[in-house]
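Enquirer: Before I ask anything, let me first share the structure, which is written out below as C-alpha cells.
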Amino acid sequence: MKDSFGRTIDYLRLSVTDRCNLRCRYCMPDEGVPSLQHGEVLSYEELLRVAAAAGRLGVRKIRVTGGEPLVRKGIVGFIRQLSELPSRPELTLTTNGLQLAELAGPLKEAGLDRVNVSLDTLREERFVAITRREGLQRVLAGLEAAEAAGLTPLKVNMVPIRGVNADEIVDFARLTLKRGWEVRFIEFMPVAGELDYTPENRFPAQAIMEELSRLGMLLPIHRQGPAGPAKLFRYPEGKGRLGVIPAVSNHFCGDCNRLRVTADGKIRPCLFCSDEIDLRQVLRGSGADAELEELLRFAAGVKPERHHMDDPGFKQEGRKMQGIGG
Ligand SMILES: Nc1nc2c(ncn2[C@@H]2O[C@H](COP(=O)(O)OP(=O)(O)OP(=O)(O)O)[C@@H](O)[C@H]2O)c(=O)[nH]1
Ligand SMILES: C[S@@+](CC[C@H](N)C(=O)[O-])C[C@H]1O[C@@H](n2cnc3c(N)ncnc32)[C@H](O)[C@@H]1O
Ligand code: SF4
Ligand code: SF4
C-alpha cells in the first residue's frame, strides 16, 4: 500500500509485549512504567489477524519486537503461525539476546529468517550499569547460537552515548574484521528513559563515522533493492559490515516503509508521533477483516512526512521506547 506521500508501506513492526527482562537506561526507567494488563495485550490470534490483513495490503516484512519479544510465552509457536501466512512475509525479530542461546534453534526451525540483537557494551560491569541487570555472557552466547542456527545476516545494534559507551565504537567495529556480522551504530534518540537526551550525550552519525575511520578505511557498500535506514560500510579486510543509522540527524523518513502496531493493538503511523489508531476495538468487536484493512490503510494515509525530533525543544510524549518496539 502507498501512503499519502507516495511511499510504499511494506514493513510492519509488531510488538508482542511491553515487558522486558532488562531496563536499559536510554529506553525506559527502572520503575514506574506501568505494564499492560493481561487482557490489554493482543492475543497471538489477534496479532495474526493483523499480520494477515497487512499481508493482503502488501506488507512483505514483519519484525517482531517488544519490550523483549522472547519473554512472551509461546513466541516460537507464534513465529511458526506467521510463517504459515499466505503472504509468507520475511520474518525478523529484534531482541536483547538474553534468551537466544536456548531459542535460536527453535525459532529458526519455526520459520524465523533472521534476527537483530541489541548490545551496547562488551564490558561486563558496563552491561550492568546500562541495562541494570546481569547478562553479557548470555547475550554473547546468544549471538553465537543465532549464527550457528542460520539466523543470518546477523545484525548487532549498538546505541553509542557520549560518556557512557561511545568509547567502545572501535571495539564493536573490530568484530566485523573476523565475523560476518553487520554491526550497526544507531543515533541515540530523544525518548525519555532515565538517561536524558541532551546535546552533551548525543553522539551523532558524523562522530560515529570519525570513530569508525580510526580502525581503517571505510568502503561504502551500495546495496541492491530498498535502501533501509542504515548507511553501510566495510573495512577492506573485513568479513562483516558496518551500518550507521542516522535516526535523528539525517533522517531517512523520505524512504520510510513501515507501520508499527503496539502490544495493546494501536497502530502508530510513525515512531515519533503519539497519535495512534485503535485496532483492538475492531478486533474484539464485530470487526471484519475488511475493517482491519481499512484501519491499516487509514494509518498509512495519515503517516507524517517526517519526524521533528531534531527540532529544538522536541519532547516525546506518551510511550517509552519499550512500549513502542523501537
Ligand atoms: N527514526 C527511526 N528509527 C528507527 C525506525 N525503525 C527502526 N529504527 C531504529 O533503528 C534501530 C534498529 O532497528 P531494528 O529493530 O534493528 O530494525 P531495522 O533497522 O528496520 O532492521 P533491518 O530490517 O535489519 O534493517 C532501532 O534503534 C530502532 O529504534 C524508524 O522508522 N525511524
Ligand atoms: C525498544 S527495543 C525492543 C526490542 C528488544 N528489547 C531489544 O532491545 O532489541 C528496540 C531497539 O530500540 C533501541 N532503542 C531503545 N531506546 C532507544 C533510544 N533512546 N535511542 C535509540 N535507540 C533506542 C534499542 O537499542 C533496540 O535496538
Ligand atoms: S532496549 Fe530492549 S532490552 Fe533494553 S530496556 Fe528497551 S526493550 Fe528492554
Ligand atoms: S521517524 Fe517516522 S517517518 Fe521517519 S523513518 Fe521513522 S517512522 Fe518513518
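Enquirer: Is there any pair with a first residue in the range 286-307 that is more than 23 Å from Met189 (Cβ to Cβ) and of a type in the set (D, E, K, R) and a second that is away from ligand 4 (no atom under 12 Å from the Cβ) and in a loop (DSSP other than H, G, I, E, B) whose Cβ atoms are under 8 Å apart and which are 6 or more apart or on different chains, and what are they?
Expert: That search, which allows pairs on different chains as well, returns Glu293/Leu57; Arg297/Met1; Arg297/Leu57.
Enquirer: Within the range 269-285, work out how many residues are of a type outside the set (A, V, I, L, M) and near ligand 4 (Cβ under 8 Å from one of its atoms).
Expert: Qualifying residue count, the range 269-285: 4.
Enquirer: Further question on the same structure: Within the range 286-319, can you find the residues that are more than 22 Å from Ile9 (Cβ to Cβ) and either modelled with pLDDT of 95 or more or more than 16 Å from ligand 4 (Cβ to nearest atom) (or both)?
Expert: Ser286, Pro312, Gly313
Enquirer: Sticking with this one: Just checking, how many residues over the range 138-158 are closer than 22 Å to Asp30 by Cβ and in contact with a helix residue (DSSP H, G or I) (Cβ under 9 Å, 6 or more places away or on another chain)?
Expert: So the first thing to find is which residues in the range 138-158 are closer than 22 Å to Asp30 by Cβ, and the list is 138-139, 157-158.
If we keep only those that are in contact with a helix residue (DSSP H, G or I) (Cβ under 9 Å, 6 or more places away or on another chain) as well, we get 138-139, 158.
Counting residues in the range 138-158 that are closer than 22 Å to Asp30 by Cβ and in contact with a helix residue (DSSP H, G or I) (Cβ under 9 Å, 6 or more places away or on another chain) gives 3.
Enquirer: How about the range 152-174: which of its residues are surrounded by 19 or more Cβ atoms within 10 Å (Cβ to Cβ) and either closer than 16 Å to Arg241 by Cβ or within 16 Å of ligand 4 (Cβ to nearest atom) (or both)?
Expert: Leu154, Lys155, Val156, Asn157, Met158, Val159, Ile169, Phe172, Ala173
Enquirer: Any residue in the range 159-184 that's free of Cβ contacts under 8 Å to residues at least 40 places away in the same chain and part of a loop (DSSP other than H, G, I, E, B): show its pairings with residues that are of a type in the set (Asp, Glu) and surrounded by fewer than 16 Cβ atoms within 10 Å (Cβ to Cβ) at Cβ separation under 9 Å, as long as the two are six or more apart or on different chains.
Expert: If the second residue must be of a type in the set (Asp, Glu) and surrounded by fewer than 16 Cβ atoms within 10 Å (Cβ to Cβ), the pairs left are Gly163/Glu200.
Enquirer: Answer yes or no as to whether Leu42 is in a loop (DSSP other than H, G, I, E, B) and crowded, with 19+ Cβ neighbours inside 10 Å. Don't jump to the end; show me each part of the working.
Expert: Values: in a loop (DSSP other than H, G, I, E, B): yes; crowded, with 19+ Cβ neighbours inside 10 Å: yes.
The answer is yes for Leu42.
Enquirer: Scan the range 301-319 for residues that are away from ligand 1 (no atom under 12 Å from the Cβ), under 27 Å from Ser118 (Cβ atoms) and not aromatic (Phe, Trp, Tyr) and jot them down.
Expert: Taking the range 301-319 and keeping what is away from ligand 1 (no atom under 12 Å from the Cβ), we get 301-302, 305, 311-315, 317-319.
Still in the list and also under 27 Å from Ser118 (Cβ atoms): 311, 314-315, 317-319.
If the condition is that a residue be away from ligand 1 (no atom under 12 Å from the Cβ), under 27 Å from Ser118 (Cβ atoms) and not aromatic (Phe, Trp, Tyr), then Asp311, Lys315, Glu317, Gly318, Arg319 are the ones that fit.
The values are calculated or read from the model by the stated rules, or taken from the named source; none is laboratory data. Bear in mind that the values here come from a model prediction, so they are computed numbers and not experimental data. All Cβ positions, glycine included, derive from the backbone under ideal geometry; neighbour counts span all protein chains shown.
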